[in-house]
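Down below is the structure, laid out as structure tokens.
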């Protein structure tokens, strides 16, 4: 079986072919991927409008669609309280990508095989991104060799999370392909190694912690059932130990505890960790003043400027608090935080249901579960649902893993 396919006649000149190119370019170019999705979305929606009763009716009974719609609506309704409307509209535009991408993919996909194929193209794109990063780290171009963190195409924190999301997908594709023999499994094993390399080069602590937890919760129990999986689990645990005792990683995590102590003892916010703690405290203060509905969509910066002075003015340089939970609390209060948690709870619930179905749907359920857990954990210290590439990937994964279910039991248009 070929690793990558175009899926239908016409190849890359078909709408489905453009979708594959979109998935491939998501980690490599915001502009190109956005243009490709705009083309696909335009033709898909226009085609669906010709028979809108049959094409859109199945979404009325799709729980995930309504959960995402409610989540997006809270951002839009938050504009009522917004002082900075320009920034508020920008935030709404960004978060609506999740719902929009899910809707487009669900309109186009009828079979789980189509979602799996799109995920394969996404992994291929991230592998290219990680190889570019390796070249930069080795000094083949663009600066000094062996310099960390390795920032390539995007911020190193985003780069680490993108590599981690691709790592889960490639590992699960590798596990599924083991039954097909070494020839089919080897490309995904290599892709996993390249993705792991990208994750390490990013030096993103949030992505590291999330990746370790997802591996311990999902990957090791899954792989432990096969011989090669036991080898994988052993290598992972050994690698984790070596990584922990390495001077670089030990120094990075020890600075974390030092920064925490400096914040609580002296109120220092000039470090990476100290700044996060300072921003989270500000978000808590915003929540106390705007408990139910928050300060308004996009007004985080407005509120921070009001609440900072002297050395805390340092926090004004950040346009978000590096936490999806505190960001949601500040902008939309308890209502916003509740809608965010509802999205994750619903995705996890639906993932477990898909896993129980077995076969290819089990694979897609595992991918969705791994991605959801990563966003939940990494989102503690990174605003992963504000970053365009990570918002796009979240919507794409939901569409790939759950889009085909919209048509289960419905008459195909």
Original post:
residue 97 versus (1) touching a residue at least 12 places away in the same chain (Cβ under 8 Å); (2) more than 21 Å from the chain's Cα centre (by Cα): which is the lone unmet condition?
Top reply: (2)
Subject >> Some residue of segment 335-344 being crowded, with 18+ Cβ neighbours inside 10 Å, in contact with a helix residue (DSSP H, G or I) (Cβ under 7 Å, 6 or more places away or on another chain), modelled with pLDDT of 90 or more and outside any helix (DSSP H, G or I) >> reply: no
Subject >> Residue in segment 291-319 that is farthest from the chain's Cα centre (by Cα), counting only those that are surrounded by fewer than 20 Cβ atoms within 10 Å (Cβ to Cβ) and not in a helix (DSSP H, G or I) >> reply: 309
Subject >> Unmet requirement for residue 118, which otherwise passes all of (1) part of a helix (DSSP H, G or I); (2) farther than 30 Å from residue 358 by Cβ >> reply: (2)
Original post:
Does at least one position in segment 170-181 carry a residue that is within 18 Å of the chain's Cα centre (by Cα), crowded, with 23+ Cβ neighbours inside 10 Å and under 30 Å from residue 272 (Cβ atoms)?
Top reply: yes
Original post:
Could we say that residue 236 is within 23 Å of the chain's Cα centre (by Cα), under 22 Å from residue 134 (Cβ atoms) and modelled with pLDDT under 85 here?
Top reply: yes
**OP:** All but one of (1) crowded, with 21+ Cβ neighbours inside 10 Å; (2) modelled with pLDDT under 95; (3) out of contact with any strand residue (DSSP E or B) (no Cβ under 6 Å at 6 or more places or on another chain); (4) under 30 Å from residue 175 (Cβ atoms) hold for residue 133, so report the exception by its number.
**Re:** (3)
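To keep it simple, each residue is scored yes or no on (1) at pLDDT below 95; (2) closer than 14 Å to residue 398 by Cβ; (3) surrounded by 14 or more Cβ atoms within 10 Å (Cβ to Cβ).
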site: 44; (1), (2), (3): yes, no, yes
site: 72; (1), (2), (3): no, yes, yes
site: 76; (1), (2), (3): no, no, yes
site: 81; (1), (2), (3): yes, no, yes
site: 100; (1), (2), (3): no, yes, yes
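The values are calculated or read from the model by the stated rules, or taken from the named source; none is laboratory data. In this text the structure is predicted, and so the values were computed from the model without any measurement. Methodologically, a virtual Cβ is constructed for each residue, glycine included, from the backbone with ideal geometry; neighbour enumeration extends over all protein chains shown.
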